[in-house]
Structures are given as C-alpha cells and as structure tokens.
C-alpha cells in the first residue's frame, strides 16, 4: 500500500487538532469550575523567553491548515499572533482549521507533491518541496506548539493527560 501526501498529513493534523480542541474545552471547563476567567491563560508562557499560549494556538492552526495552504500556494511565512485573541477566539481558530482540513480534497494536496515551497523568514528564504515542507518543517512545529499549549494548561492545573494529547487514534477496526 502506498501512502499519499494527503494520507501522511491531513489525518495526523485532524487527530491532533481534535485533541487540542478537547484539551482546550477541558481548560475552559476547569476555569469555570475554579471561577477564573479563561482569558487569563491567553498570555501565559511556559517561561519568560517563550511565546504565550495564544501564539501556541495560532501556530497550531498555522502549521496545519496554513501549511497545507502554503503547499498549494508555494509560499509560507511565520505565523502572526495579533495578541488580541480571547480564549474563545483561539478555540474557534482550532475548530476552523479542523473544518477546513476536513473539506480538503485529497487530490488537491496530492497534486502539490514535488512543488516548490519557500518559507520566508525576514531576509532569509528556506526552499523546500511541498512534502519536505510539510513533513520536516510544519509537522515538527505543529507538534511542538500543540505540546507547549498542553503544557501551559497542565501547569495551570487543568486535569489532562497523555490520552488527551493523543486524541482519537486511528485504530484497526
């Protein structure tokens, strides 16, 4: 059985986006139970020199559906977090990325294989093929930011565990 670019990416993005949606919902529920505002989490950082929760969530969307868009357009750049998102806005951003990927026709992404994608970082340009951009650049960033967002919620006391991070696995039926 051969795997297509779509098979290697979109189901993995959807699994983790579903997990992120789930642990964010638990974060909102935790705040409600504690009588705290979930918006207090938006600017929380793991450590001072890391970007806040809002950037982690923006990056999750950016390195999933945004990465697929970049594979199609041939150009990519770092995510932009305006710093004005509410917790609910961030939840919607994850849901929108998930919904957009669910609508993605496999052929649309598979047609990008071998296509040039350039990541623009200031004056630097990083050249990739679409598959290498997705698998060696966006995937590691996607999982890094999903892990960091998870860690921020855990550090705030949200009762989530490894199963919440894994999400709905695609097991043999």
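Please treat every number below as a calculation from the coordinates, not as lab data. Everything numeric in this text was worked out from a predicted model, so none of it was measured. Methodologically, a virtual Cβ is constructed for each residue, glycine included, from the backbone with ideal geometry; neighbour enumeration extends over all protein chains shown.
Selection of the stretch 74-87 for residues being in contact (Cβ under 8 Å) with a residue 40 or more places away in the chain and either under 15 Å from the mean Cα position of the chain (by Cα) or at negative phi (or both) yields 75, 76, 77, 78, 85, 86, 87. Scanning the stretch 103-151 for residues that are assigned to a strand (DSSP E or B), over 14 Å from residue 69 (Cβ atoms) and touching a helix residue (DSSP H, G or I) at 6+ places or on another chain (Cβ under 7 Å) returns a single hit, 128. Would you check if there is a residue in the stretch 50-62 being under 21 Å from residue 156 (Cβ atoms) and either loosely packed, with under 15 Cβ neighbours inside 10 Å or in contact with a strand residue (DSSP E or B) (Cβ under 7 Å, 6 or more places away or on another chain) (or both)? There is at least one residue in the stretch 50-62 that is under 21 Å from residue 156 (Cβ atoms) and either loosely packed, with under 15 Cβ neighbours inside 10 Å or in contact with a strand residue (DSSP E or B) (Cβ under 7 Å, 6 or more places away or on another chain) (or both). Tallying residues that are assigned to a loop (DSSP other than H, G, I, E, B), surrounded by fewer than 13 Cβ atoms within 10 Å (Cβ to Cβ) and touching a residue at least 40 places away in the same chain (Cβ under 8 Å) within the stretch 1-36 yields 0. Within the set 153, 93, 101, the sole residue that is surrounded by 13 or more Cβ atoms within 10 Å (Cβ to Cβ), farther than 22 Å from residue 10 by Cα and under 17 Å from the mean Cα position of the chain (by Cα) turns out to be 153.
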